[in-house]
Amino acid sequence: MEDIKEETEEKSVQANERLGLVMEGGAMRGLFTCGVIDVFMEQGMEFDGAVGTSAGATFGCNIKSRQIGRALRYNKRFCRDKRYAGLSNLIRTGNLFDAEFCYHDIPYIYDIWDEKTFAENPMEFYTVSTDVETGKPVYYKCGDGGKEDIEWIRASASMPLLSRIVEIGGRKLLDGGIGDSVALKFMQKRGYGRNVVILTQPKGYEKKPNSMLPLFKVIYRRYPEFIKAVANRHIRYNEMVKYIEQQEALGRAFVIRPPEALNIGRMEKDPEKLQSVYDLGRETALKAADRIKELGFCRT
């Protein structure tokens with residue numbers, strides 16, 4: 001685990017620098033990312049490291065365990081199951097997505113998580129969470145894919161207002177999207193000079209101020225730095241999108257994004273809608289795959 005202070009200094013890209021994959025969150029918009037990374041796996045496109053924020057972590061971790069189709073499969077299977085997500089869970093446990101069912105039953109009973117492959121795959125995999133006491137992002141390097149890693153992945157995707165605070169190692173954590181929605185700078189500081197960045201919003205999207213801020217101020221009144229982070233998130237996000245576009249123009253990033261708004265709910269109950277977002281991710285990745293290879297943004 002490590003905290004990385006934000007820096008503005010850019011690193012030059014050299015041929016021997018590592019190749020990275022950066023995955024944005026976005027709840028069920030993450031099925032777009034699933035379609036993209038499944039194409040990458042099918043075509044033998046590999047990266048030296050990856051970082052996922054929120055759904056980018058919960059779904060994106062399957063690229064390290066090399067499990068094509070897994071995230072789509074269990075989401076379609078359980079999207080209408082009250083054990084998976086629902087207001088009854090939120091009332092009963094404080095979590096919209098039931099933590100026990102999602103992070104224990106599914107990976108260890110219903111759709112087995114390939115912990116062994118995850119551990120043996122040399123690709124580094126990082127998650128991003130937000131420390132509610134400091135309002136800062138926390139980056140965690142996963143190890144063997146065991147239960148501690150699963151907890152960090154859960155913390156990364158624990159949406160404020162809809163999830164209980166996750167406590168790990170003395171830290172109080174929630175959704176990584178508050179602290180660092182798209183962790184490109186983090187990867188660059190780790191020596192990943194060229195990165196494929198998967199966004200879940202279309203080009204031209206601009207994040208607006210959080211309309212639920214008054215409720216955040218009540219619920220998280222004990223955590224003023226977290227409230228500040230929520231209040232300023234749209235500013236940081238929009239600045240990051242501009243930075244990503246600059247890096248793309250400089251040849252340091254290859255950006256994959258949906259051609260249009262995905263219009264899918266946080267707890268989408270329609271399996272066909274989940275499939276269509278996944279299929280759009282596949283279609284977009286198939287169009288980009290040859291170019292990614294030609295430009296040397298992946299290993300084959």
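Restricted to the stretch 129-168, and to residues there that are under 26 Å from Leu87 (Cα atoms) and β-branched (Val, Ile, Thr), the residue that is nearest to the chain's Cα centre (by Cα) is Ile153. If the condition is being part of a helix (DSSP H, G or I) and either surrounded by 12 or more Cβ atoms within 10 Å (Cβ to Cβ) or touching an Asp or Glu at 6+ places or on another chain (Cβ under 6 Å) (or both), then the stretch 193-230 contributes Leu213, Leu215, Phe216, Lys217, Ile219, Pro224, Glu225, Phe226, Ile227, Ala229, Val230. Considering the conditions (1) open to solvent by 20 Å² or more (accessible area, probe 1.4 Å); (2) under 30 Å from Met212 (Cα atoms), Ile109 is excluded by exactly one of them, (2). Of all residue pairs spaced 6 or more apart or on separate chains, those with beta-carbon atoms under 7 Å, a first member in the stretch 68-97 that is more than 16 Å from Met159 (Cβ to Cβ) and surrounded by 16 or more Cβ atoms within 10 Å (Cβ to Cβ) and a second member that is modelled with pLDDT under 90 and of a type in the set (Ser, Thr, Tyr) are Phe78/Tyr84. Answer yes if at least one residue in the stretch 116-124 is closer than 15 Å to Gly30 by Cβ and either of a type in the set (Phe, Trp, Tyr) or open to solvent by 70 Å² or more (accessible area, probe 1.4 Å) (or both), and no otherwise. For the stretch 116-124, residues closer than 15 Å to Gly30 by Cβ and either of a type in the set (Phe, Trp, Tyr) or open to solvent by 70 Å² or more (accessible area, probe 1.4 Å) (or both): absent.
Of the residues that make up the stretch 48-61, is at least one assigned to a loop (DSSP other than H, G, I, E, B), modelled with pLDDT of 95 or more and of a type in the set (Ser, Thr, Tyr)? Within the stretch 48-61, one or more residues are assigned to a loop (DSSP other than H, G, I, E, B), modelled with pLDDT of 95 or more and of a type in the set (Ser, Thr, Tyr). Each residue in the stretch 163-192 was checked for being open to solvent by 20 Å² or more (accessible area, probe 1.4 Å) and in a helix (DSSP H, G or I), and 3 pass. Say whether the condition of being open to solvent by 80 Å² or more (accessible area, probe 1.4 Å), farther than 26 Å from Phe97 by Cβ, out of contact with any helix residue (DSSP H, G or I) (no Cβ under 6 Å at 6 or more places or on another chain) and part of a loop (DSSP other than H, G, I, E, B) is met by at least one residue in the stretch 248-258. Among the residues of the stretch 248-258, at least one is open to solvent by 80 Å² or more (accessible area, probe 1.4 Å), farther than 26 Å from Phe97 by Cβ, out of contact with any helix residue (DSSP H, G or I) (no Cβ under 6 Å at 6 or more places or on another chain) and part of a loop (DSSP other than H, G, I, E, B), which makes the answer yes. When residues in the stretch 259-300 are screened for being in a helix (DSSP H, G or I), within 21 Å of Leu19 (Cβ to Cβ), over 19 Å from the mean Cα position of the chain (by Cα) and not small (Gly, Ala, Ser), 7 of them pass.
Does the stretch 125-154 hold any residues that are open to solvent by 50 Å² or more (accessible area, probe 1.4 Å) and either within 19 Å of Leu184 (Cα to Cα) or aliphatic (A, V, I, L, M) (or both), and which are they? Matches in the stretch 125-154: Lys136, Lys141.
For the stretch 281-300, the candidate set comprises residues that are open to solvent by less than 30 Å² (accessible area, probe 1.4 Å) and in contact (Cβ under 8 Å) with a residue 60 or more places away in the chain; within that set, the residue that is farthest from Val36 (Cα to Cα) is Gly296. Residue check: Lys242 meets all listed conditions (1) open to solvent by 80 Å² or more (accessible area, probe 1.4 Å); (2) in contact (Cβ under 8 Å) with a residue 12 or more places away in the chain; (3) of a type outside the set (A, V, I, L, M, F, W, C); (4) assigned to a helix (DSSP H, G or I) but one, namely (2). Against the test of being over 30 Å from Tyr223 (Cβ atoms) and of a type in the set (S, T, N, Q), the options Thr117, Thr53 yield a single qualifying residue, Thr117. The set of residues in the stretch 244-300 being within 30 Å of Gly191 (Cα to Cα) and modelled with pLDDT under 95 consists of Thr300 alone.
The values are calculated or read from the model by the stated rules, or taken from the named source; none is laboratory data. Keep in mind the model is a prediction, meaning the values are calculated, not measured. Here Cβ is always computed from backbone atoms with ideal geometry, including for glycine, and neighbour counts include all displayed protein chains. Ligands, DNA and RNA are excluded from the accessible area calculation, which covers all protein heavy atoms including side chains. Shrake-Rupley method; radii C 1.70, N 1.55, O 1.52, S 1.80 Å.
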